[in-house]
Amino acid sequence: MTGGIAKVVIFSFTERGTKQNRYIYRKLKMQGYICEGYAPAKYVMGEEGGVKQLPKKKEDLIRERWGKWAFLFIGAAGIAVRYIAPYVKDKFTDSAVVVADEAGQYVIPLLSGHVGGAAELADQIANLLGAVSVHTTATDVRKKFAADVFAKKNALYITDREAAKRISAAVLDGELIGIYAQGDHAENAVKNSKEMFSDEVCICNTIEEVMKYRYRVILADSFPAIDENTLLLKPKNIIVGLGCRKGISEELLEKGLLEILKKNHLDMNQIEALVSIDLKKEEPAVVSLAEKYKVPFLTYSAEMLNEVEEVSSASSFVKKITGIDNVCERAAVTYCKKHCEYFELIAGKSIETAMTAAIARRNI
């Protein structure tokens, strides 16, 4: 899958376009996507090919999936624009929208090309069709550094959207910008992404050096506010193990987690995943919190959690209820051992009202 996109809605409006719809639907499904295909009733062949009849209230379908699914329109770009117009807000929250002509000649990332992943999805679909992927974003066309693309590739959170726009504009104007990384994750992100840096980007080894530039990008967990021309990118590599009292309110859970994150100079937008024990799989407050911040929520069995050999503290009360002496810390470590080559536990079990949390960091 590409650009973090996992779900794609495909619309077609002609017989030829619907043949493309069925073909792309099958290919994307084979690559692990969740897909929905829609076309006028006269072109739908039962359930064959996965394409269903266009619903009467198409606007409801788009509204419900907006910001969560990507959209591919096979047909005129004007149709796509009219369909999505009521829901467009900004590139940081909009769905990825891609348009392909029914002959399979051109594929265009129409909306949310970088942050939403439309540009990568368009390239992937063009490859499937043997088509040309047409990019119109200035940084793409001129092969210049784009802060949002760099951030997405390296799991970095953009703290100031306006600053990101100013940085991209400065690069397009030919102005030099400095980039400085603080911490192993940040330093590796810069080291592994040098091919993304155009001539305007100057890698700096100290804060004093980066401050010499009018525009600058700083990669760090936290950094003092400097000015409007400084873009802070925070690593999105934090895994939070959670434990909580049954029936806890979302407000109380969020308040406790925010406090623990604050003590460790982190914020919610840096979370890669929330993890806990299977008993909490359907805990309403945790499920709602994960949905609010658009992060995955994973759970593990007591047997799996007990495979963690050592924890910083143990609770006989919690063990009596769950079979585990320290849910949050064991959950965080279990996730990391399964998904990370390198990691560190930066905060063991921390206690707030009716909840606990442990924090691990995934390192590149």
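The values are calculated or read from the model by the stated rules, or taken from the named source; none is laboratory data. Since the model is a prediction, treat every value here as computed from it, not as a measurement. Counting neighbours? That spans all protein chains shown, and the Cβs are built from the backbone with ideal geometry, glycine included.
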- What are the residues in region 178-188 that are modelled with pLDDT under 80 and of a type in the set (A, V, I, L, M, F, W, C), if any? Ala186
- Message: Condition check: of a type outside the set (A, V, I, L, M, F, W, C), loosely packed, with under 15 Cβ neighbours inside 10 Å and either assigned to a loop (DSSP other than H, G, I, E, B) or in contact with a Gly (Cβ under 8 Å, 6 or more places away or on another chain) (or both). Does Asp199 satisfy that?
- Response: yes
- From the list Thr299, Thr356, which residue is of a type outside the set (A, V, I, L, M, F, W, C), in contact (Cβ under 8 Å) with a residue 40 or more places away in the chain and not assigned by the TED database to the domain that holds Asn192? Thr356
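Please tell me if Leu156 is buried (at least 21 other Cβ atoms within 10 Å of the Cβ), in the same structural domain as Thr18 (by the TED database) and either at pLDDT 85 or above or among the aliphatic types (A, V, I, L, M) (or both). Show your work before the answer.
Values: buried (at least 21 other Cβ atoms within 10 Å of the Cβ): yes; in the same structural domain as Thr18 (by the TED database): no; either at pLDDT 85 or above or among the aliphatic types (A, V, I, L, M) (or both): yes.
Taking the combined requirement at face value, the residue does not satisfy it.
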- Message: Being outside any loop (DSSP other than H, G, I, E, B) and touching a helix residue (DSSP H, G or I) at 6+ places or on another chain (Cβ under 6 Å) is the filter here; which residues of region 222-243 pass it?
- Response: Leu231, Leu233, Lys234, Pro235, Ile238, Ile239, Gly241, Leu242, Gly243
- Query: Consider Glu102 against the criteria (1) within 30 Å of Ala151 (Cβ to Cβ); (2) in contact with a helix residue (DSSP H, G or I) (Cβ under 6 Å, 6 or more places away or on another chain): it satisfies all of them except one. Which criterion is unmet?
  - Reply: (1)
